[in-house]
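Beneath this line is the structure, given in structure tokens, with notes to follow.
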Amino acid sequence: MSRQSVAKAHQKIQELAWEPMYHQPVSHYGTDYTFRKAQKKDPLKQVLRSYFPMQEEKDHRVYGASDGAIRGNMFRQVQERWLEWQKLFLSIIPLPEISAARAMPLLFRNVPNPELHNGQAIQMIDEVRHSTIQQNLKRLYMNNYIDPAGFNSSLRNFQNDYCGTIGRQFAEGFITGDAITAASIYLTIVAETAFTNTLFVAMPAEAAANGDYLLPTVFHSVQSDESRHISNGYATLLMALADEGNHQLLERDLRYAWWNNHRVVDAAIGTFIEYGTKDRRKDRESYAEMWRRWIYDDYYRSYLVPLEKYGLTIPHDLIEESWNQIWHKGYVHEVAQFFATGWLANYWRIDPMTDKDFEWFEHKYPGWYDRYGKWWENYNRLSTPNGHHPIVAEDVDYQYPHRCWTCMVPCLVREDMVMAEVDGQWRTYCHEACRWTDVEAFRPVYQGRNTPNMGQLIGAREWETLYHGWNWADVVQDMGFVRDDGKTMVAQPHLNLDDPKKMWTLDHLRRMPNLQSPNVLLNQMSDAERAAFHANYIKGGPAGRPAKD
Amino acid sequence: MGEKHRVRFEPVGIEIEVDEEQTVLRSASEQGLMLMHGCKEGQCAACKSFVLDGDDIELDRYSTFALPDYEKEEGFTLLCRAHVYEDVTIELLNFDEEMIRSGLPIQNAVAEVVAIDHVTHDLRHLVLELIEPRELTFFPGQYVDIKVPGTEITRSFSMAGTSYKKLEFVIKVYPDGIFSSYLDGTLKVGDRLELTGPFGVFTLRDAPDRDLIFVGGGAGLAPILSLLRSMAERGIERKAVFYYGARTAKDLCFVAEIEALRGKLPGFRFVPALSEEPEGWAGEVGLITDVLKTNEVDLSRAHAYLCGPPPMVEAAMPLLAQLGTPEKHIYYDKFTTTGGED
């Protein structure tokens with residue numbers, strides 16, 4: 001094994017999205033919110049004197065678990081299906097943590113309450129700690145797991161991957177737009193108070209069920225800091241509520257933050273938990289069941305609804321719609337199918353579903369087989385090279401989707417897709433709420449009110465458009481997802497590493513038609529063609545099926 | 001279900017009963033208390049609290065990151081995992097006093113008028129029986145918004161009673177007021193009204209060792225009456241004085257009932273006072289705040305509850321502060337002072 005040079009390692013640290021490759025960061029964050037009235041107290045009164053010993057104790061436990069995992073050879077006994085998905089998850093999650101650390105100084109200058117600044121400063125330190133222990137976890141996987149490829153390049157992958165862009169949106173949400181919108185409403189009120197439950201409580205439980213007891217240790221250590229973050233968010237929210245002029249902005253931001261978190265977190269975590277597990281005990285909760293319990297029954301009813309007493313209207317319609325997406329419109333299944341469709345553009349291996357998986361899905365989501373079963377059978381059939389293309393270029397009754405400009409998850413629930421011409425470009429959105437976010441919320445004027453601090457959603461946001469017209473082999477090479485032999489791909493649509501003949505290489509990809517970005521093609525259409533195309537697209541689905549005329 | 005034990009929360013002074021089989025967090029939530037929490041799985045530590053008194057607490061499975069052993073030994077606990085097997089006192093570390101009582105669901109309800117009585121020349125005693133739903137749970141001292149039929153206009157009124165099935169109100173009628181005109185003109189027994197609630201934080205903070213001072217005037221009587229009636233029902237023995245101000249004897253109502261509360265509330269004193277025409281009146285005379293000033297010397301160990309016209313509340317606040325009542329223990333209902341006026 002060759003050692004990596006110190007200079008190279010140092011170079012890698014700089015890739016930690018401090019200088020994003022995909023857009024030009026702004027130099028100043030302001031807010032359109034006002035804080036004229038209530039000064040809220042910092043309820044937790046954390047001081048560094050007790051903070052560092054507490055965190056040191058927690059870090060010791062994490063190191064102890066790491067040692068235990070090495071001694072117990074956990075990395076070779078864990079379910080491969082599960083650990084492969086960690087290549088994606090652990091490439092994403094340290095970046096939101098770093099973004100959250102960066103979000104705290106935005107609050108220092110915009111929330112005029114020194115009492116709260118201490119809590120925010122401590123949150124900033126928490127977030128750096130989280131990022132560090134998560135990256136250390138990734139390092140341990142890489143050093144000890146049977147197939148390190150994909151763990152070793154993930155900081156870079158995060159920025160330009162087919163799936164990673166979705167995680168990028170989550171990280172960007174913490175530092176995009178008005179400082180309060182980003183650092184307070186999006187990050188602490190919605191992401192941390194509601195969605196960390198699925199991230200840091202449900203994920204670890206699933207990891208443990210798949211033989212990985214190290215990830216739960218790391219993520220429980222992370223989750224135990226959330227109490228501070230939840231109360232930071234709450235104190236700022238109550239301060240904002242006291243100025244009635246903020247209500248319009250709060251209502252806008254709760255709509256945006258709720259919907260965007262749902263789109264991004266449910267897509268990613270839903271897929272990891274339901275398609276990354278080998279544990280098909282029927283008494284285990286499905287993602288939909290957990291979502292209903294934590295997010296709907298608890299967060300919505302006991303945290304959001306009481307805010308209405310302050311005269312705030314909370315987005316009941318979008319909360320109901322999120323549930324509708326998860327339960328009736330198969331949102332998580334549509335996403336998992338999309339991730340697997342483009343397996344070749346990823347940096348991990350996606351295990352085909354078996355009869356046992358089918359049975360579990362049908363039990364938890366009645367009607368699943370009729371929608372998705374056939375496609376997963378095709379995935380299995382096409383998983384090893386045998387004169388055919390990867391599934392994305394084969395006829396499996398699947399229409400490749402358009403990217404949503406806002407959440408960067410594609411427009412998978414076909415009937416919900418909407419289009420808009422913005423700044424001279426035709427954009428597609430996975431749902432009206434994402435169109436509203438881009439076209440109405442992230443604008444310098446909102447409902448007649450000046451909102452100069454809101455900014456806009458810009459940058460390279462459509463993965464396919466980055467590579468429009470490229471040969472697939474060149475795409476994969478450009479992204480760097482090739483193994484040490486220079487031709488075997490990191491990604492594979494199966495878990496069999498033993499037989500070289502079963503491994504896909506760049507040579508297989510050279511024979512494929514070039515990658516076409518549906519979003520570029522959409523902009524080349526005449527107005528009439530585009531209208532006809534849209535009318536047809538929304539008749540498609542479920543499971544990506546093209547409309548039947 | 002198992003045995004029940006009392007759980008007292010400090011420094012907010014709220015007591016609830018908790019079944020052994022339920023976690024403290026769950027039980028509090030069912031009783032309308034919104035305690036800070038996150039995952040409810042013993043992992044995020046948002047509900048971490050400190051046990052001041054009591055030992056017999058068992059925890060369901062939790063993460064030792066959220067509650068390390070040394071913290072548990074010091075007395076910290078996780079409310080989302082805690083079952084109590086004796087009476088305990090728990091100090092909340094992370095709470096917002098305004099929000100803690102906001103846990104009761106806000107409901108839209110339809111109710112039928114069962115009584116409209118003139119209790120003075122300008123105060124009406126309105127009683128509504130709930131039709132759909134049949135009950136509306138509230139904390140004594142809270143209010144609901146009642147819709148003026150045929151309009152989108154609502155007015156806020158505090159409940160004067162304690163029944164969840166029959167809501168009682170004491171409403172002042174103003175000449176040309178929208179709700180007043182309706183109440184005195186059109187509304188009759190059998191009519192239906194739409195209402196929404198409960199709202200408000202003018203609720204009794206449990207603090208057995210603290211005296212209570214109530215100061216009320218006009219329709220501000222309603223929430224105080226609700227608090228007093230509920231204290232009588234619950235057998236609360238705290239020392240309490242109710243300073244009830246009115247202009248003339250004909251402006252007083254519910255006097256006999258309040259007097260009679262002394263039988264059920266051993267520590268209770270009632271001090272009605274008139275500011276005008278006190279002929280033939282044996283009681284106190286003057287503005288209610290002046291009466292309070294002459295009667296009390298040291299209120300540093302008291303909690304005060306104010307409800308009435310804004311000038312009364314504004315005059316009483318500095319006076320109570322002068323008499324030593326800590327500012328954070330002077331409670332007043334912002335809505336009743338303004339929302340009652342049409």
So the helices (runs of 4 or more DSSP H) completely within the range A:207-274 holding 3 or more residues that are surrounded by fewer than 23 Cβ atoms within 10 Å (Cβ to Cβ) and more than 14 Å from chain B (Cβ to nearest Cβ) are A:247-261
Only one residue in B:Tyr85, B:Tyr70 is touching a residue at least 12 places away in the same chain (Cβ under 8 Å) and among the hydroxyl-bearing types (Ser, Thr, Tyr). Which one?
B:Tyr85
Consider the range B:30-44. How many of its residues are farther than 28 Å from A:Gln123 by Cα and touching a residue at least 12 places away in the same chain (Cβ under 8 Å)?
2
Any idea how many residues of the range B:84-141 are over 21 Å from the mean Cα position of the chain (by Cα), within 14 Å of chain A (Cβ to nearest Cβ) and part of a strand (DSSP E or B)?
1
Picked from the range A:316-343 (must be in a helix (DSSP H, G or I) and of a type in the set (Gly, Ala, Ser)), the residue nearest to the other protein chains (Cβ to nearest Cβ) is A:Ser322
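Would you point out the residue of the range B:110-163, among those that are free of Cβ contacts under 8 Å to residues at least 24 places away in the same chain and touching a strand residue (DSSP E or B) at 6+ places or on another chain (Cβ under 7 Å), that is farthest from B:Ile224 (Cα to Cα)? Let's see the steps before the verdict.
Filtering the range B:110-163 for residues free of Cβ contacts under 8 Å to residues at least 24 places away in the same chain gives B:117-118, B:132, B:150, B:152, B:163.
Filter again for touching a strand residue (DSSP E or B) at 6+ places or on another chain (Cβ under 7 Å), leaving B:117-118, B:132.
On the way: B:Asp117: 19, B:His118: 19, B:Glu132: 27 Å.
Among those residues, the one meeting the criterion is B:Glu132.
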Collect the residues in the range A:88-121 that are under 13 Å from the mean Cα position of the chain (by Cα) and of a type outside the set (A, V, I, L, M), keeping them in residue-number order.
A:Phe89, A:Ser91, A:Pro94, A:Pro96, A:Glu97
Single condition A:Ile146 does not satisfy, out of (1) surrounded by fewer than 23 Cβ atoms within 10 Å (Cβ to Cβ); (2) over 26 Å from A:Ile230 (Cα atoms); (3) under 21 Å from the mean Cα position of the chain (by Cα)
(3)
Test A:Val47 against the criterion of being over 30 Å from A:Glu464 (Cα atoms), modelled with pLDDT of 95 or more and not polar (S, T, N, Q), and give yes or no.
no
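Among the residues of the range A:437-446, is there at least one that is in contact (Cβ under 8 Å) with a residue 60 or more places away in the chain and surrounded by fewer than 20 Cβ atoms within 10 Å (Cβ to Cβ)?
Step one: list which residues in the range A:437-446 are in contact (Cβ under 8 Å) with a residue 60 or more places away in the chain, which gives A:437, A:441-442, A:446.
Remaining after also requiring surrounded by fewer than 20 Cβ atoms within 10 Å (Cβ to Cβ): A:446.
There is at least one residue in the range A:437-446 that is in contact (Cβ under 8 Å) with a residue 60 or more places away in the chain and surrounded by fewer than 20 Cβ atoms within 10 Å (Cβ to Cβ).
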Restricted to the range B:14-27, and to residues that are more than 14 Å from chain A (Cβ to nearest Cβ) and either free of Cβ contacts under 8 Å to residues at least 24 places away in the same chain or outside any loop (DSSP other than H, G, I, E, B) (or both), which residue is nearest to the chain's Cα centre (by Cα)?
B:Ile14
Only listed residue being touching a strand residue (DSSP E or B) at 6+ places or on another chain (Cβ under 6 Å) and not in a helix (DSSP H, G or I), chosen from A:Thr428, A:Thr384
A:Thr428
Among the candidates A:Gly459, A:Gly544, residue that is surrounded by 12 or more Cβ atoms within 10 Å (Cβ to Cβ), in contact (Cβ under 8 Å) with a residue 60 or more places away in the chain and more than 16 Å from A:Thr428 (Cβ to Cβ):
A:Gly459
Just checking, how many residues over the range B:46-71 are within 13 Å of chain A (Cβ to nearest Cβ), under 30 Å from the mean Cα position of the chain (by Cα) and among the small types (Gly, Ala, Ser)?
2
Would a scan of the range B:201-213 turn up a residue that is more than 28 Å from B:Ile16 (Cβ to Cβ) and either modelled with pLDDT of 95 or more or touching a helix residue (DSSP H, G or I) at 6+ places or on another chain (Cβ under 8 Å) (or both)?
no
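On the given criteria, is B:Glu91 in contact (Cβ under 8 Å) with a residue 12 or more places away in the chain and more than 18 Å from A:Ser231 (Cα to Cα)?
no
Here is a yes/no grid of residues against (1) in contact (Cβ under 8 Å) with a residue 40 or more places away in the chain; (2) charged (D, E, K, R):
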{"site": "B:Phe270", "(1), (2)": "no, no"}
{"site": "B:Leu306", "(1), (2)": "yes, no"}
{"site": "B:Glu314", "(1), (2)": "no, yes"}
{"site": "B:Ile330", "(1), (2)": "no, no"}
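Conditions tested, residue by residue: (1) in contact (Cβ under 8 Å) with a residue 60 or more places away in the chain; (2) buried (at least 23 other Cβ atoms within 10 Å of the Cβ).
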site	(1), (2)
B:Tyr182	no, no
B:Thr186	no, no
B:Val189	yes, no
B:Phe202	yes, yes
B:Asp206	yes, no
B:Leu212	yes, yes
B:Val215	yes, yes
B:Gly218	yes, yes
Find the residue count for the range B:222-264, including only residues that are out of contact with any Cys (no Cβ under 7 Å at 6 or more places or on another chain) and in contact (Cβ under 8 Å) with a residue 60 or more places away in the chain.
13
Could you list, in sequence order, the residues of the range A:275-315 that are within 14 Å of chain B (Cβ to nearest Cβ) and aliphatic (A, V, I, L, M)?
A:Met290, A:Ile295, A:Leu304, A:Val305, A:Leu307, A:Leu312, A:Ile314
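Across the range B:28-45, which residue is farthest from A:Thr188 (Cα to Cα) among those that are within 10 Å of another protein chain (Cβ to nearest Cβ) and in contact with a Gly (Cβ under 7 Å, 6 or more places away or on another chain)? Step through it out loud before you land on a result.
Going residue by residue through the range B:28-45, those that are within 10 Å of another protein chain (Cβ to nearest Cβ) are B:29, B:34-45.
Still in the running and in contact with a Gly (Cβ under 7 Å, 6 or more places away or on another chain): B:29, B:34, B:44.
Working: B:Ser29: 22, B:Met34: 19, B:Cys44: 14 Å.
Step by step, filter the range B:28-45, then rank; the result is B:Ser29.
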Being on the phi > 0 side of the Ramachandran plot and either under 20 Å from the mean Cα position of the chain (by Cα) or at pLDDT below 90 (or both) narrows it down to one residue among B:Phe254, B:Phe242; which is it?
B:Phe254
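The values are calculated or read from the model by the stated rules, or taken from the named source; none is laboratory data. Bear in mind the structure is a predicted one, so any value in this text is a computation, not a measurement. We place every Cβ from the backbone using ideal geometry, glycine too, and count neighbours over all the protein chains shown.
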